[in-house]
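K.L.:
Handing you this structure, nothing more for now.
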Amino acid sequence: MRHTVLISDKFDKEGVERLKSSGKFEVVYKEGHTREELLSVIDQAEALIIRSATKADKEVIEKASNLKLIVRAGVGVDNIDIPEASRRGIIVMNAPGGNSVSTAEQAISLLTSMARNIPQANQTMHEGKWEKKKFKGTELTGKTLGVVGLGRIGKEVVKRAKGLRMNVLGFDPYIPAESLSHLEIDIVSKEEIIKQSDFITVHTPLTDTTRDLVNKENLKDLKKGVRLINCARGGIYNEEALAEGLESGQIAGVALDVFTQEPIPADFPLIGKENVILTPHLGASTGEAEFAVAMETIDELIEFFDTGVARNALNFPSIDPDSLDYLKPYFLGGEKAGKLLAHFVGGDVKTVDLNYKGSIAEYKIDPVTTAILKGVLSVALGDDQLNYVNAPVFAKERGIRVHENKTENPDTYKSSVDIKLEATSGKSATLKFTAINSDPLVVSMNELPIEFKPEGILILCENNDVPGVVGAIGSFLGQENVNIASIELARPKEGGTARSVLVVDDLLTADQLKKMNDLGHIVSAIQVDLRESK
Ligand code: NAD
Ligand code: MLT
């Protein structure tokens, strides 16, 4: 079956051809779909590839009834309603690596152009003027450049600015200073950047912590004559404040590649101002970056449809292929175990306690936790609407408290996962599972050692530990023409309540299950269907 991929923004031609020639995809590509066109075709798409022009907002996502995946060919995902995509189980990925160098080079180009008034001088030459005196510039050597955001692009900018012999200061509160020591720059506070820099360049996403980094209130704190560059996202510098700062002379120059509204409106406050350079979001617009981003996007898309691995996913814990090999049985077993235990406590779960022990604790275990939550929720919500993206969202919405604990000390097994569920009724249950030969295996339930594979149709039975009960269960199921594939027994002590787990070949009807519960000495018998497809 071919998957339909809709590409609604400008995309590298070789990339489009590669997707088509793989034979796996029906590709619908038009450079720049209008909003109406997008809304009319989005319901066909299983995957949507966009750049910054397409707005994958609530309305688009609601209409996208077959969509599994949105891939942003680039970094910024502020044009995607990720919470809505998560609610609908749509994975959102970006392809962040390919355009870092081009964008860093754009920032440096704006910096050097601004220092020497190149665009303005060029403009006057084309107008037949010779204004040598007007365009006196400033040298970069020895000047201080403040770099805000030291991720992929910020780091590339730092390397280039050092090559220009600038004194570079950096600020990024989310990266430990020791991880930035190789950059050999001074890591300082935001206030120091504002106070000391002759030039400031920003390379962060637009968030509540980065919006209005330069604003009307802190204009006076900027070094007089500062020059500001933004190739990240519009709004990191307040655009009205920039106009005011240029007017007063506090700011000597501004170079922007990105804007709060794109394309910019006719009344954009910096249009026509001297000492302002504006480019139409060109950071990633080089042949090299477009090609690299397209290839990264396609690699991710093909890998997702081939293997289910969601690389660079933003709303789903992505697993690298090596970890996937190790975690797979825990991922698969966790979902089944979660479902089994949630059935046992009656579905309405209020807390989930997870204890990862041994080697598994060395891994990023979020995918396993997500799989367990999906299994737990499936009892109350059914399997149809749930997936690995929306399970954590639904768990949060239902007020389910999830506690994870990791300890690298193993108990009996090299790796194991303990699950404890508590329902609103007060009923609780525990289960431990491990992986043997890459297959999940439950090794205890409700603190009682009992081994079974979490798969197929299971009947969990509690009965008085008296002679003849197992025989009675066997005869009853025989009479009902239900074949027992295996049976596991456990008891805490002789004469107490014994437990058994039966694997049967056919689902019992509600009536058969009731009759089984009515057999002598049966305390309870519940049936859980852990088959893959029903
Ligand atoms: P990245 O995720 O690698 O780096 C962003 C960095 O910002 C991170 O290290 C993060 O810790 C830091 N950060 C977050 N909040 C911060 C704060 N309050 N103060 C200081 N630092 C903070 O991203 P990247 O690939 O380097 O991209 C940076 C920005 O550039 C993004 O907004 C992206 O959308 C934009 N971008 C623009 C273009 C363009 O065409 N102009 C091209 C590519 C990327
Ligand atoms: C990005 O965030 O990657 C940029 O905005 C580049 C783009 O897609 O034009």
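K.L.:
For segment 361-382, enumerate the residues that are farther than 13 Å from Ile400 by Cβ and touching a strand residue (DSSP E or B) at 6+ places or on another chain (Cβ under 6 Å).
P.N.:
Ala361, Ile365
K.L.:
So, one more: Would you check if there is a residue in segment 322-333 being touching a Gly at 6+ places or on another chain (Cβ under 7 Å) and surrounded by fewer than 21 Cβ atoms within 10 Å (Cβ to Cβ)? Write out each step before concluding.
P.N.:
Within segment 322-333, the subset touching a Gly at 6+ places or on another chain (Cβ under 7 Å) is none.
No - not one qualifying residue is present in segment 322-333.
K.L.:
With the checklist (1) within 14 Å of ligand 1 (Cβ to nearest atom); (2) among the aromatic types (Phe, Trp, Tyr); (3) under 28 Å from Glu244 (Cα atoms) in hand, flag the one item Tyr174 doesn't pass.
P.N.:
Tyr174 satisfies every listed condition except (3).
K.L.:
Assess whether Gly137 counts as being away from ligand 1 (no atom under 14 Å from the Cβ) and surrounded by fewer than 22 Cβ atoms within 10 Å (Cβ to Cβ). Spell out how you get there, then give the answer.
P.N.:
Working: away from ligand 1 (no atom under 14 Å from the Cβ): yes; surrounded by fewer than 22 Cβ atoms within 10 Å (Cβ to Cβ): yes.
So Gly137 passes the test.
K.L.:
I've got another one for you. Considering only segment 106-128, state which residues are within 16 Å of ligand 2 (Cβ to nearest atom) and either touching a residue at least 60 places away in the same chain (Cβ under 8 Å) or over 30 Å from Gly15 (Cβ atoms) (or both). Give the derivation first.
P.N.:
The first filter runs over segment 106-128 and keeps only residues within 16 Å of ligand 2 (Cβ to nearest atom), leaving 106-107, 109-110.
Those that are within 16 Å of ligand 2 (Cβ to nearest atom) and either touching a residue at least 60 places away in the same chain (Cβ under 8 Å) or over 30 Å from Gly15 (Cβ atoms) (or both): Gln106, Ala107, Leu110.
K.L.:
Output the number of the condition that Ser109 fails; it satisfies all remaining conditions of (1) closer than 24 Å to Thr260 by Cβ; (2) surrounded by 22 or more Cβ atoms within 10 Å (Cβ to Cβ); (3) not acidic (Asp, Glu).
P.N.:
(2)
The rows are residues; the columns are (1) within 23 Å of Ala252 (Cβ to Cβ); (2) assigned by TED's automatic domain parsing to the domain that holds Ile229; (3) of a type outside the set (D, E, K, R).
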position	(1), (2), (3)
Glu131	yes, yes, no
Gly137	yes, yes, yes
Tyr174	no, yes, yes
Ser179	no, yes, yes
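K.L.:
A further question on this structure: Only one residue in Ile526, Ile487, Ile459 is under 17 Å from Leu340 (Cα atoms), of a type in the set (A, V, I, L, M), crowded, with 18+ Cβ neighbours inside 10 Å and touching a strand residue (DSSP E or B) at 6+ places or on another chain (Cβ under 7 Å), so which one is that? Lay out the reasoning, then the answer.
P.N.:
Numbers: Ile526 fails: crowded, with 18+ Cβ neighbours inside 10 Å; Ile487 fails: crowded, with 18+ Cβ neighbours inside 10 Å.
Within the list Ile526, Ile487, Ile459, the selection yields Ile459.
K.L.:
For segment 96-118, give me each residue that is in a helix (DSSP H, G or I) and more than 9 Å from ligand 1 (Cβ to nearest atom). Please lay out each step first, then the result.
P.N.:
First, the residues of segment 96-118 that are in a helix (DSSP H, G or I): 100-115, 118.
Val101, Glu105, Ile108, Ser109, Leu110, Leu111, Thr112, Ser113, Met114, Ala115, Ile118, listed by residue number.
K.L.:
Then there is this: Which pairs turn up if I take residues in segment 238-260 that are over 17 Å from Asp221 (Cα atoms) and look for partners that are aliphatic (A, V, I, L, M) and more than 15 Å from ligand 1 (Cβ to nearest atom) with beta carbon separation below 6 Å, at least 6 apart in sequence or on another chain?
P.N.:
Sorted first by the residue in segment 238-260, then by its partner, the pairs are Ala255/Met114.
K.L.:
Show the residue pairs meeting these rules: Cβ distance below 7 Å; 6+ apart or different chains; first residue within segment 70-93 and farther than 21 Å from Glu31 by Cβ and in contact (Cβ under 8 Å) with a residue 24 or more places away in the chain; second residue within 9 Å of ligand 2 (Cβ to nearest atom) and in a loop (DSSP other than H, G, I, E, B).
P.N.:
Taking only residues 6 or more apart or on different chains, the pairs are Asp78/Arg233; Val92/Val77.
K.L.:
Name the pairs whose Cβ atoms lie under 7 Å apart, with the first residue in segment 207-230 and under 18 Å from Leu256 (Cα atoms) and small (Gly, Ala, Ser), the second away from ligand 2 (no atom under 16 Å from the Cβ) and modelled with pLDDT of 95 or more, and 6 or more positions between them or separate chains?
P.N.:
Once the first residue is under 18 Å from Leu256 (Cα atoms) and small (Gly, Ala, Ser) and sits in segment 207-230, its partners that are away from ligand 2 (no atom under 16 Å from the Cβ) and modelled with pLDDT of 95 or more give Gly225/Ala252.
K.L.:
Being within 14 Å of ligand 1 (Cβ to nearest atom) and either under 30 Å from Glu26 (Cα atoms) or modelled with pLDDT of 95 or more (or both) is true for just one of Leu270, Leu256, Leu246. Which residue is that? Spell out how you get there, then give the answer.
P.N.:
Details: Leu270 fails: within 14 Å of ligand 1 (Cβ to nearest atom); Leu246 fails: within 14 Å of ligand 1 (Cβ to nearest atom).
Only one candidate passes the filter, namely Leu256.
The values are calculated or read from the model by the stated rules, or taken from the named source; none is laboratory data. Remember, predicted model here, so these are calculated numbers, not experimental data. All Cβ positions, glycine included, derive from the backbone under ideal geometry; neighbour counts span all protein chains shown.
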